[in-house]
Amino acid sequence: MSDIADTFGQKPLASDVAMILAAGMGKRMRPLTAARPKPLVRVCGKPLIDYALDKLEEAGVARTVVNVHYLADQMTAHLAARQAPAIAISDETEGLLETGGGLRHALPLIAAETFFSLNSDAIWLDGPRNAFAALSDAWDEERMDALLLLVSHAQAFNYDGRGDFHLDQLGRITRRKPGRVAPFIFTGIQLVSQRLLRDAPDGAFSTSVLWDRAIEEGRLFGISHTGLWYEVGTPQMIGPTELALTQL
């Protein structure tokens, strides 16, 4: 566990290790990803993955694992130029493993019982507390296998879906029912115990498989993000995101 407390005097971070999922093909971001990986697509002149890495550095997360697949050489060269956090590469060039498989494959490099996991295209603004401190404050090792950072529709920019999850009064998560609307959207950021990955299948699989088991066991929880969150999944979302960020 990290000995770094956030600036508001909360308890230390639940982990000083993170995993950034950056191995996707970026198909929704074409044609911008024809010659570069999606995490290196720029928003306000800054590669998407640097938004996540800068947030980790600011929060005091010392070590980060990043998985790579598509145009991996570009990713590796970009990451090598950073001073902090310390970065280890999880190589998936032999085959994509999806989100769950990517986490399982990277566990030897993560080497921590509890760690943060986030998408490489996550752009968010913090509220009174940074996201990693907020997750750490809510983390309960005894009750939780994973704690997801969720955001309401009102605080999500560029998002036009029906939502992902419901939260009960204790913070336990249930999925949106087919054809219905759910009040919370997954930001791509979570705090994970290695218990979530126990008996995980080999090869490629989605983290959703593990979430469903945790939901059945009452061990998947969430908290509501107190800041803003920007979806940047397609080229059409870049302009509105840049406009919103520059007007702050």
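The values are calculated or read from the model by the stated rules, or taken from the named source; none is laboratory data. Since we're looking at a predicted model, the values are computed, not measured. Backbone-built Cβ (ideal geometry, glycine too); neighbour counts: all protein chains shown. Each accessible area value is taken on the protein alone, full model and side chains, heavy atoms only, with ligands, DNA and RNA left out. Shrake-Rupley method; radii C 1.70, N 1.55, O 1.52, S 1.80 Å.
Mind running the shape call on segment 53-110? Use the C-alpha gyration tensor, a ≥ b ≥ c as the square roots of the eigenvalues: rounded below 1.5 for a/c, prolate if a/b tops b/c, oblate otherwise. Write down the numbers at each step before the final one.
Details: a/c = 2.43, a/b = 1.40, b/c = 1.73.
Since a/c reaches 1.5 but b/c is at least a/b, the shape of segment 53-110 is classed as oblate.
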**OP:** Find the accessible area per residue for segment 64-128; the probe is 1.4 Å, ligands and nucleic acids are left out, and the unit is Å².
**Re:** 43
Subject >> Beta bridges by DSSP in the chain, antiparallel share as percent, to the nearest 5 >> reply: 50
Original post:
Between MET144, MET237, MET75, which gets the highest mean-square fluctuation from a Gaussian network model of the chain, Cα cutoff 10 Å?
Top reply: MET237
**OP:** Could you give the spread of the C-alpha atoms of segment 205-248 along their three principal axes, from largest to smallest, in whole angstroms?
**Re:** 44, 26, 8
Original post:
Thinking of segment 116-200 as a set of Cα atoms, what percent of all their pairs are more than 15 Å apart?
Top reply: 62
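Where the accessible area of the chain is counted over protein heavy atoms with a 1.4 Å probe, how much of it, in %, is carbon and sulfur? Before the final figure, lay out the partial values.
Working: 5870 of 11310 Å².
Heavy-atom surface of the chain belonging to carbon and sulfur, 1.4 Å probe: 52 percent.
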Original post:
Shape call for the chain from the C-alpha gyration tensor, a ≥ b ≥ c root eigenvalues: rounded (a/c under 1.5), prolate (a/b greater than b/c) or oblate?
Top reply: rounded
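When the helices in the chain are scored as -39500 (n - 2.57) per DSSP H run of 4 or longer and the sum is shared across all residues, what 222 nm value do you end up with, to the nearest 500 deg cm²/dmol?
Working: 6 runs with 61 residues, N = 248.
Computed mean residue ellipticity for the chain: -7500 deg cm²/dmol.
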**OP:** Treating the Cα atoms of segment 44-157 as identical point scatterers in vacuum, please give the log10 of the normalised Debye intensity I(q)/I(0) at q = 0.11, 0.20 Å⁻¹, two decimals.
**Re:** -0.40, -1.32
Subject >> Most mobile listed residue (LEU107, LEU147, LEU191) in the chain, GNM with C-alpha springs under 10 Å >> reply: LEU107
Original post:
With the dipole of the chain worked out from charges on the C-beta (+1 for Lys and Arg, -1 for Asp and Glu) around the Cα centre, which of TRP229, VAL65, ALA138 lies farthest toward the positive end?
Top reply: TRP229
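What number in nm² do you get for segment 17-63 if you take the convex hull of its Cα atoms and divide its surface by four? Walk me through the intermediate numbers first.
Details: hull surface 14.6 nm².
For the Cα atoms of segment 17-63, the hull's average projected area reads 3.7 nm².
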Original post:
Leaving out same-chain residues fewer than 8 places away, which lysines sit with a Cα under 27 Å from that of LYS55?
Top reply: LYS11, LYS27, LYS38, LYS46
**OP:** Only Lys, Arg, Asp and Glu count, each charged at its Cβ (+1, +1, -1, -1), so figure out the dipole size of segment 77-132 about its Cα centre, rounded to 20 debye.
**Re:** 240
**OP:** Determine the distance separating the Cα centre of segment 118-171 from the Cα centre of segment 42-68; give it in Å without decimals.
**Re:** 18
Original post:
Which residue, ALA18, ALA131, ALA200, has the most motion in a Gaussian network model of the chain that connects Cα atoms within less than 10 Å?
Top reply: ALA200
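Could you give the dipole magnitude of the chain about its Cα centre, charging the beta-carbon of Lys and Arg +1 and that of Asp and Glu -1, in debye to the nearest 20? Spell out each step's value before the answer.
Working: 24 positive and 30 negative charges, 151 e Å.
Dipole size: approximately 720 debye.
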